[in-house]
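The values are calculated or read from the model by the stated rules, or taken from the named source; none is laboratory data. Treat the numbers as computed from the prediction; the structure is a model and nothing was measured. Reconstructed Cβ throughout: ideal geometry from the backbone, glycine too, with neighbour counts over all protein chains shown. With ligands, DNA and RNA removed, areas are computed over all heavy atoms of the protein, side chains included. Shrake-Rupley method; radii C 1.70, N 1.55, O 1.52, S 1.80 Å.
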Amino acid sequence: MTTNAPQPQASDFEFPYANAADLKSNQSVRATFRLSENTILAMNIVSTQLGVKQKSLFDHLIGDTEALAAIARGLKNNKQSRNRRVQKTFVISRKTLSTLQKMAQDHKASRDALVEFSIRRLKPIIEQEKSKQEIRKGIAQKVRRQLEAQRQLLREASRRLGEEDPVCEYLAPAVDRLESAHRSIHAYVKKGEKITAFTI
């Protein structure tokens, strides 16, 4: 049974409208900082390992205003390392850049230093990924051994029964799937090799 009850119209209730200023605050801008090479590499590694864009990662770190304020306060009693700094340009949101500039101004802190120490907050993630990388390497080796065993089994079955035998036809796709999985796992482990010896 259907009813012809009138549908609610937009004019029947109040709802929040989009705000142009909020939309503009999420626009992407480019900002350049002087950072240690290790810090830049940390961003690259975490972005690659987690599959997160550097912009999202940067916005997340700087957007945590409580942590950023704590870093700014700590910088007053912390001498920055004299390690060589290089220029690095990030694509970030206008809102993130505004937050960073305000925090630097309010606490009389260096923008570069705030970014440097914010990125160092990634250390626990990097250590966790290093541990996972070792586990992945071990699993990859086990998959390789299984693949070799499956290939040997298929060769034996083909030799004794013939390639057209149903058992061989059932087994061959399973070996193909394991080969595909092994290639993907190997590629992922290889991509994460640079994290093994990295320290932040």
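Looking at the stretch 104-200, the accessible area is 66 square angstrom per residue; that uses a 1.4 Å probe and ignores ligands, DNA and RNA.
Report the local net charge at residue 175: Lys and Arg +1, Asp and Glu -1, summed over other residues whose C-beta lies under 11 Å from its C-beta.
Numbers: positive: 151, 155, 177; negative: 148, 176, 179.
With Lys, Arg at +1 and Asp, Glu at -1, the neighbours total 0.
The slack between residue 142 and residue 175, meaning 0.36 nm per residue of separation minus the straight C-alpha distance, is 10.4 nm. Projected label points at residue 184 and residue 152, each 7 Å from Cα along the beta carbon direction, are separated by 2.6 nanometres.
Counted residue by residue at 0.36 nm each, then reduced by the alpha carbon distance between them, the extension gain from residue 64 to residue 165 reaches 30.1 nm.
Extending 7 Å from the Cα toward the beta-carbon at both residue 38 and residue 191 defines two label points whose distance is 2.7 nm.
When 35, 171 are compared by accessible surface with a 1.4 Å probe, the order from highest to lowest is 171, 35.
Accessible area, 1.4 Å probe, largest first: how do 71, 92, 135 sort? Intermediate values should be presented prior to the final figure.
Numbers: 71 30, 92 0, 135 105 Å².
I get 135, 71, 92, largest accessible area first.
Pairs of lysine residues in the stretch 93-200 that meet both criteria, 8 or more places apart or on different chains and Cα atoms under 22 Å apart, total 20.
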